[in-house]
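Q: Okay, handing you the structure first.
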Amino acid sequence: MSELRRLGPDDWETFREIRLRSLADSPDAFGSTLEREQAFTEQDWRRRLTVPVVVVLDPDPVSIGGTFDNDGTLHVWGMWTEPGHRGRGHARAVLDALLTPGRPAQLDVNVANTAARTAYERYGFVGTGRVEPLRPGSDQRMELMELGRPRVEPPPPS
């Protein structure tokens, strides 16, 4: 049976372990790189856990996500689920634990990652059309998706 757990600074080793696995498994899903984060110190990992981060334990960490405040909007980051555990609702459980109903949220998704995009759309996120490079020097692109903002539709043709 799986359980959700919020991580704090004392859980830095658990966080490091699943974050490095996520970067190794899905390097094109994140703006950071495995090489960059392998060099982090204990202090770096603890500092990163000052924002909400949730993992799903089954019994080891198999899914992760976090948020930070971006000018009043929650920005979801670091979403990942172990390949053998995908399709079991872990991403939804992590998002449910991180997000506040009615509060706007946003996230970035690689435009080539259709599985992730579909999961976010099922949750209610909508693409904004705002696309930028995944990271400097990358050919990969990410799109900003938003949740909880009224959609502005163009006026009907007259």
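The values are calculated or read from the model by the stated rules, or taken from the named source; none is laboratory data. Keep in mind it's a predicted model, so treat the numbers as computed, not measured. Backbone-built Cβ (ideal geometry, glycine too); neighbour counts: all protein chains shown. Quick note on the areas: whole protein, heavy atoms, side chains included, nothing else; ligands and nucleic acids left out. Shrake-Rupley method; radii C 1.70, N 1.55, O 1.52, S 1.80 Å.
Q: Would you mind working out the accessible area per residue for the stretch 1-63, using a 1.4 Å probe, and quoting it in Å²?
A: Here the per-residue accessible area is 55 Å².
Q: So what's the stretch 89-128 giving for Cα Rg divided by 2.2 N^0.38 Å, two decimals?
A: Ratio of Rg to 2.2 N^0.38 Å for the stretch 89-128: 1.14.
Q: Of Thr50, Ala115, Ser22, which is farthest towards the positive pole of the chain's charge dipole, taken about the Cα centre with +1 and -1 on the beta-carbons of Lys, Arg and Asp, Glu respectively?
A: The residue sitting most towards the positive pole is Ala115.
Q: Something else now. In the chain, carbon and sulfur make up what percent of the accessible area (probe 1.4 Å)?
A: The C+S portion of the solvent-accessible surface of the chain is 50 percent.
Q: Starting from the Kirkwood radius over alpha-carbon pairs of the chain, derive D by Stokes-Einstein at 37 °C in a medium of 0.692 mPa s and give it in µm² s⁻¹.
A: 200 µm²/s
Q: Where is the GNM fluctuation largest for the chain (alpha-carbon springs, 10 angstrom cutoff): Pro52, Pro61, Pro136?
A: Pro136
Q: According to the Kirkwood expression over distinct Cα-Cα pairs, how big is the hydrodynamic radius of the stretch 1-89, in Å?
A: About 13.4 Å, per the Kirkwood formula over Cα pairs.
Q: For the chain, what does the helix formula give at 222 nm: sum of -39500 (n - 2.57) over DSSP H segments with n ≥ 4, over the residue count, nearest 500 deg cm²/dmol?
A: About -8000 deg cm²/dmol.
Q: So how strong a dipole does the chain carry about its Cα centre when Lys and Arg Cβ are +1 and Asp and Glu Cβ are -1, to the nearest 20 debye?
A: The dipole of the chain has a size of about 360 debye.
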